[in-house]
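Q: Take a look at the following structure, please.
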Number of protein chains: 4
Amino acid sequence: MTLRYLTAGESHGPALVGILEGLPAGVPVDLDAIAHQLERRRAGHGRSPRMKFEADEFQVLAGVRHGLTIGSPVALVIHNTEWPKWTEAMAVEAPEDPEAVAQTGRGRPLTRPRPGHADLVGMQKYGYDEVRNVLERASARETATRVGLAAVARGLLDQLGISVLSHVVRIGEVAVPEDAPPPGPGEQERVDDDPVRCAEGATSERMQERIDRAKGERDTLGGVVEVVAYGVPVGLGSHVHWDRKLDGRLAQALMSIQAFKGVEVGEGFRTAEVPGSKAHDEIVASEGDYRRLTSRSGGLEGGITTGEPLRVRAAMKPLSSLTQPLRTVDVETGEEAQAITQRSDVCAVPRAGVVAEAIVALELADALLEKTGGDSLDEVRRNLEAFLGSLPRA
Amino acid sequence: MTLRYLTAGESHGPALVGILEGLPAGVPVDLDAIAHQLERRRAGHGRSPRMKFEADEFQVLAGVRHGLTIGSPVALVIHNTEWPKWTEAMAVEAPEDPEAVAQTGRGRPLTRPRPGHADLVGMQKYGYDEVRNVLERASARETATRVGLAAVARGLLDQLGISVLSHVVRIGEVAVPEDAPPPGPGEQERVDDDPVRCAEGATSERMQERIDRAKGERDTLGGVVEVVAYGVPVGLGSHVHWDRKLDGRLAQALMSIQAFKGVEVGEGFRTAEVPGSKAHDEIVASEGDYRRLTSRSGGLEGGITTGEPLRVRAAMKPLSSLTQPLRTVDVETGEEAQAITQRSDVCAVPRAGVVAEAIVALELADALLEKTGGDSLDEVRRNLEAFLGSLPRA
Amino acid sequence: MTLRYLTAGESHGPALVGILEGLPAGVPVDLDAIAHQLERRRAGHGRSPRMKFEADEFQVLAGVRHGLTIGSPVALVIHNTEWPKWTEAMAVEAPEDPEAVAQTGRGRPLTRPRPGHADLVGMQKYGYDEVRNVLERASARETATRVGLAAVARGLLDQLGISVLSHVVRIGEVAVPEDAPPPGPGEQERVDDDPVRCAEGATSERMQERIDRAKGERDTLGGVVEVVAYGVPVGLGSHVHWDRKLDGRLAQALMSIQAFKGVEVGEGFRTAEVPGSKAHDEIVASEGDYRRLTSRSGGLEGGITTGEPLRVRAAMKPLSSLTQPLRTVDVETGEEAQAITQRSDVCAVPRAGVVAEAIVALELADALLEKTGGDSLDEVRRNLEAFLGSLPRA
Amino acid sequence: MTLRYLTAGESHGPALVGILEGLPAGVPVDLDAIAHQLERRRAGHGRSPRMKFEADEFQVLAGVRHGLTIGSPVALVIHNTEWPKWTEAMAVEAPEDPEAVAQTGRGRPLTRPRPGHADLVGMQKYGYDEVRNVLERASARETATRVGLAAVARGLLDQLGISVLSHVVRIGEVAVPEDAPPPGPGEQERVDDDPVRCAEGATSERMQERIDRAKGERDTLGGVVEVVAYGVPVGLGSHVHWDRKLDGRLAQALMSIQAFKGVEVGEGFRTAEVPGSKAHDEIVASEGDYRRLTSRSGGLEGGITTGEPLRVRAAMKPLSSLTQPLRTVDVETGEEAQAITQRSDVCAVPRAGVVAEAIVALELADALLEKTGGDSLDEVRRNLEAFLGSLPRA
């Protein structure tokens, strides 16, 4: 019970809501920084026109006063600017004439579940006869809440010199070279300026071409994002119990992002292919510090941060809402049908990187607070510095 | 708080201890089945001679009466048959003459941390000046506890027709063909009979050769294991909140296994490479059921089981204790040194598959009980059958 | 992780926010019922004039569609109708001129902590130099969120025939007779009509007189409330692990209400005074059911509900904001001072009963869902009925 | 996830088992201290002869090396010295001839559930046709595990100058005077030497007489215990979220002790009877510290420790196993019957005080570690001292 959060909100409901509980007092909260992160989540080549009018109007309703956290839970509401169009179909209250609502465009039952989504299984699990109630919550729009809450948690990380950034390393078959170094601590803006948020110019162009081709083929594309965190202190997470291992916690958080199907830490699956003599990071003494000669571990050994940059990758499958829809069954008629189409993005990988980054920031903030304890930024900082100061020199 | 467990125990301590809390009453517990699972965890080509005398003598001390669970927490103790050799070095009580202990073989301070292990970071985090206290707990021997507890949880799954098996799909560069089907529900024994627990004869031979070569080179090998669960009902996990998604929970559990660096669900990272038209499982009606034409999703959509076989893969890095040790720093002298060597396995992937299987079984049992509630096997079964019976026919 | 909730919000901030996660789908949500519960929380003889303009305008922003829950987290926002007066003092953003704000009435530092409140300790814990940031969150206004969320959870209980009501059994020295029976299932309205929410007319009058006298003396009064739940099925909670015991969970929840200092189940402290022959409820068979001849246990044995009415009591201390203020220290000057005064209620016990009721409803809903599992109201009901139907007849 | 623990074990099973996870490294663990606490739990006037041969043989199997914790989970096994008598009735494995076992003394079905115990409700909840499987786990013998684990946690508290003690303040109608001061920090031994663990000589004698009389009447007695903790730093627990309030957490933990029916903090229920002017602790400055003139709050304001001694009381009902048994129903025959008798204590309040003390110690250790963070005793101490040093002087 260090840092925890709940999110709520349907894709076309009145608003998304998030509560983040457990931050110390005195952490600067910058509304522009929240807006910036929400904005980043919407960017990227290959996004549908819908994203444009999805501009996120939000309010911090609790936990922050005069620009600083006050130890209380932080509440964030992100309003749905399209809500006026959905007041009937998504009304909280029971409609007077349900039949009428069910015959309007937006209120019409959605009976052709999309493969690759929660649609069918959600319907079965929760006992529905159509999928609206499932897709509204399963939608990736929910991630806006997590990105918003993470923007607050990042205020804490910033103060302690920890920065988290992301970049796209694969879209479909197009990948950055294996030996390309990740962007450095100050390079997030440069990466964000790239239309596919790829750090490597030449690869970026090929990615964009690939997306454009997929669009022409009415197909979609997935990819892989990498999150890198700089300035992470040694000693977050623990080997003493399986659920304290930070790599496991990061893996859960990342895998829980919509459409993510794989997670790896450091070299990940590649480490499984090389011999032991090439799979680990040898330890050396350097200017009084213990350092690693390589960064294969991703900055995590035994579930604990090493003080080296943290690196995790996560794989996103292609969007399942194709403009050329997949085959499904109409649950009302039992007939073969084409799956419903909810949106028309070709590739959501660039913005998914921003979500992955947010997720990692939340987990790092949690692990940090477990290590340091403390109820105010000053206390957290003091405890962290005292710990780092106590480490024996190499 | 459905099913939860804690494990304790050091590698060379008197015993490993586990408590599994939350199982319903009336689940058959077969001590031979527990012994069998513990035995499977020790098997495999490439294991060190040490494994032979590691025969796990265990006791169930609580939660089971007359062969059935009674709703109470189940406690398992696995004794360390080598304990007599370690009574001084690992004594619970303070030694009368600490100096003397520190000069014996086993009690000697270990000051050359192994790259790729928790050794150095654990030492730093917990404030030690040598690594014994870290490696004792970080050791993969801990997984015996999880395998043992999972054997109890599998008693529940068995009763409901759910079986979980594993096989090795990669060792170093040697992998089973991408399109090779996983072993079927009854094939665990056949897989276990294979020296590297690979389901595919030709690949197995190449894997064994690869291991033998690595041994000659005094090197180690990692690999990838796949866990497949059959008979998993539709509707476990949920899309409604990130930490209810079963894929995320499986990812955490798998990534938390010692030396694991990657996890994927279904096609995983491969899904990121193919277009959307080839990445999802189209839905069809078949004899009244909704079925999928392919199994790319790994039996999980939106964090919920689909009723298709569940498939997850996890990547293990090569062991870092090489007989040809890696470079490190002696933390006592600050001099460059060769890392300590704790054991001499070449490849632990086959047995790690058994651990992965156990982990998946524990998570499935938890997700199942969340879905069904219930305090006795009868009640769990009744609720599950009623749910399945209520599903609309396709 | 069955039913969980987070609340956020400062007393004079823009709004209170709550998220309730884990309700099944299909539970009717009636906005009028929520409004009614929030209204009940504000009622009662002895309340300050402030309560009048505290009319709670709220919105359900997520988790409910067309009058029914959809399995998603439910989000509730309760707006602060006084917010316009507080936009400076409680602004989320950093003020341009902090000095100016600190000199306005509402923005002025509060440096005279009230005894009996979180004021001083909160200030010390979180590192503040005045108490505004503490009292804003520690305020009992937060309970409006819990009452609101509980109103949603009560929708589930209602459907299963479980009703939760409360009444005041003591105000100061004035208590209902020990042998007075609690109000019955249909009597909540009658109790609510009483100015002090006492079920017993004669005692109520004495309570009101006592309050009026305290008012004259510029003093405050505490008291004891009793919550009774009817229709609770046998078998909620468990004896198998300490933190599964329903009495313990109720005790935590009740003790966590602002100003509560004692909790008892059934006869509670009185049971400690009588011999064993008069402390338990003897068991008899009655029309095929096991029944108890008395109700001393409060409907809980071994941490499990017995099927008899559930009864818990909780003691509230007198409000510490007296119009005749208590002695304290001015933390700015170090001088002896009179504590700040935040409000002028004499007695908040009647409305605290409504909060206690809400708390109990939330815990019961949680314990119920642990027992039944299930993701839709139909499934919950089906599992519960099947369990009850399986109970052996006496 | 700071400090957590699971316990397992049946009253007549082979052993009790506990795992305590989350302690920092470097905490001294003294086996004699554990033995002493277990011994204290067995003492007291009014205990049955059985307690004599219940001498607890225990082993620490994990988490401690050379007298110090090592950050790993601590595992404790307490053997049942009577186990040889129970190997058949409580066998883990299915008996070859269940009929035969069911006809032996100890294996015989127990079909006459005791009022006031988990017997009947546990049987109903878990689907049994007799109560053996319930009473084995519901038994207060389980508390030995908690006392043992708490003895380890107390090692941490001791190092930080926090001591927790308990005394009996009521047995039946006999109570210590309301204004009697609690025993001081060094007085535990004196209290323990009293046959009923009462700090007040005159009252103790009356309590003993009362117990002797009850014994003559073949009746049982409950009572009230008080736990006092000295040296508790200011700032443990929090007001920011209901489940962080330390009073709530203490209430749950205490109420979860077998046979406990009431909990109060500080003056508790008495506070509900007095006016506000007499219910709070006025604040004064004293030698640079903020102090309270009285100790009505029990050292907790707003769910946070004040730095004053912590005081909680808990009420225990009389044992329900009377030698003059209560009326019940035989669940096999449906006939009226006399409840089974499991033991013959008259009053377990003195030893229950030791359990309450242990429970409080565990919660305090948890709350302390939440405040300080830290992975070694040195780090915990350093963080705590730095916090205390940062507090502004009064």
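Q: Please work out which residue is farthest from C:Phe58 (Cα to Cα), limiting yourself to the stretch A:72-101 and to residues that are more than 9 Å from chain C (Cβ to nearest Cβ), among the charged types (D, E, K, R) and in contact with a helix residue (DSSP H, G or I) (Cβ under 8 Å, 6 or more places away or on another chain).
A: A:Glu82
Q: Considering only residues that are facing another protein chain (nearest Cβ under 7 Å) and β-branched (Val, Ile, Thr), which ones fall in the stretch B:56-71?
A: B:Val60, B:Val64, B:Ile70
Q: Can you name the number of the only condition in (1) more than 17 Å from B:His117 (Cα to Cα); (2) within 7 Å of chain B (Cβ to nearest Cβ); (3) not in a strand (DSSP E or B) that A:Leu250 fails?
A: Here A:Leu250 meets the rest and fails (2).
Q: As an exercise: evaluate D:Val169 against (1) at pLDDT below 95; (2) within 14 Å of chain C (Cβ to nearest Cβ) and give the number of the one condition it does not meet.
A: (1)
Q: In the stretch B:281-300, what residues are farther than 28 Å from B:Gly223 by Cβ and out of contact with any strand residue (DSSP E or B) (no Cβ under 9 Å at 6 or more places or on another chain)?
A: Across the stretch B:281-300, the qualifying residues are B:Ser286, B:Glu287, B:Gly288, B:Asp289.
Q: Taking the stretch A:331-345, which residues are in contact (Cβ under 8 Å) with a residue 12 or more places away in the chain and more than 20 Å from the chain's Cα centre (by Cα)?
A: Passing the criteria: A:Val331, A:Glu332, A:Thr333, A:Ala337, A:Gln338, A:Ala339, A:Ile340, A:Thr341, A:Gln342, A:Ser344.
Q: Quick one: which residue in C:Ala386, C:Ala348, C:Ala361, C:Ala356 is of a type outside the set (Val, Ile, Thr) and over 25 Å from the mean Cα position of the chain (by Cα)?
A: C:Ala386 is the lone residue from the list that is of a type outside the set (Val, Ile, Thr) and over 25 Å from the mean Cα position of the chain (by Cα).
Q: Would you be able to say whether some residue in the stretch C:283-298 is in contact with a Gly (Cβ under 8 Å, 6 or more places away or on another chain), among the hydrophobic types (A, V, I, L, M, F, W, C) and surrounded by fewer than 18 Cβ atoms within 10 Å (Cβ to Cβ)?
A: yes
Q: Closer than 16 Å to A:Ala43 by Cα, under 23 Å from the mean Cα position of the chain (by Cα) and assigned to a loop (DSSP other than H, G, I, E, B): which single residue out of A:Val196, A:Val191 fits that description?
A: One residue alone meets the criteria, A:Val196.
Q: Then there's this: Inspect all residues belonging to the stretch D:138-157 and state whether any of them is assigned to a loop (DSSP other than H, G, I, E, B), among the aliphatic types (A, V, I, L, M) and more than 10 Å from every other protein chain (Cβ to nearest Cβ).
A: No.
Q: So C:Leu236 fits all but one of (1) facing chain D (nearest Cβ under 7 Å); (2) part of a loop (DSSP other than H, G, I, E, B); what number is the exception?
A: Result: C:Leu236 passes all but (1).
Q: Condition first: under 16 Å from B:Leu254 (Cα atoms) and in contact with a strand residue (DSSP E or B) (Cβ under 8 Å, 6 or more places away or on another chain). Now tell me which residues in the stretch A:246-259 satisfy that.
A: A:Leu246, A:Asp247, A:Leu250, A:Ala251, A:Leu254, A:Met255
Q: Further question: For the stretch B:276-289, state whether one or more residues are more than 7 Å from chain A (Cβ to nearest Cβ) and within 21 Å of B:Lys261 (Cβ to Cβ).
A: No; the residues of the stretch B:276-289 include none that is more than 7 Å from chain A (Cβ to nearest Cβ) and within 21 Å of B:Lys261 (Cβ to Cβ).
Here's the yes/no breakdown for (1) closer than 14 Å to B:Leu221 by Cβ; (2) surrounded by fewer than 24 Cβ atoms within 10 Å (Cβ to Cβ); (3) more than 10 Å from chain A (Cβ to nearest Cβ):
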residue: B:Arg311; (1), (2), (3): no, yes, yes
residue: B:Met316; (1), (2), (3): yes, no, no
residue: B:Asp330; (1), (2), (3): no, yes, no
residue: B:Gly334; (1), (2), (3): no, yes, no
residue: B:Ala339; (1), (2), (3): no, no, no
residue: B:Val346; (1), (2), (3): yes, no, no
residue: B:Val349; (1), (2), (3): yes, no, no
residue: B:Ala352; (1), (2), (3): yes, no, yes
residue: B:Glu357; (1), (2), (3): no, no, yes
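Q: Only one residue in C:Gly127, C:Gly148 is under 30 Å from D:Arg393 (Cβ atoms), small (Gly, Ala, Ser) and at pLDDT 95 or above, so which one is that? Outline the logic, then answer.
A: Numbers: C:Gly148 fails: under 30 Å from D:Arg393 (Cβ atoms).
Exactly one residue qualifies, and that residue is C:Gly127.
Q: Just to be sure, is B:Glu267 within 25 Å of A:Leu326 (Cα to Cα) and either touching a residue at least 60 places away in the same chain (Cβ under 8 Å) or out of contact with any Leu (no Cβ under 6 Å at 6 or more places or on another chain) (or both)?
A: Spelling it out, B:Glu267 is indeed within 25 Å of A:Leu326 (Cα to Cα) and either touching a residue at least 60 places away in the same chain (Cβ under 8 Å) or out of contact with any Leu (no Cβ under 6 Å at 6 or more places or on another chain) (or both).
Matching residues to (1) in contact with a helix residue (DSSP H, G or I) (Cβ under 8 Å, 6 or more places away or on another chain); (2) crowded, with 24+ Cβ neighbours inside 10 Å:
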{"position": "B:Asp219", "(1), (2)": "yes, no"}
{"position": "B:Val234", "(1), (2)": "yes, no"}
{"position": "B:Leu250", "(1), (2)": "yes, yes"}
{"position": "B:Leu254", "(1), (2)": "yes, yes"}
{"position": "B:Gln258", "(1), (2)": "yes, no"}
{"position": "B:Pro275", "(1), (2)": "yes, no"}
{"position": "B:Lys278", "(1), (2)": "no, no"}
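The values are calculated or read from the model by the stated rules, or taken from the named source; none is laboratory data. Quantities reported herein were computed from a predicted structural model and do not represent experimental measurements. Heads up, the Cβs are rebuilt from the backbone with ideal geometry, glycines too, and the neighbour counts pull from every protein chain shown.
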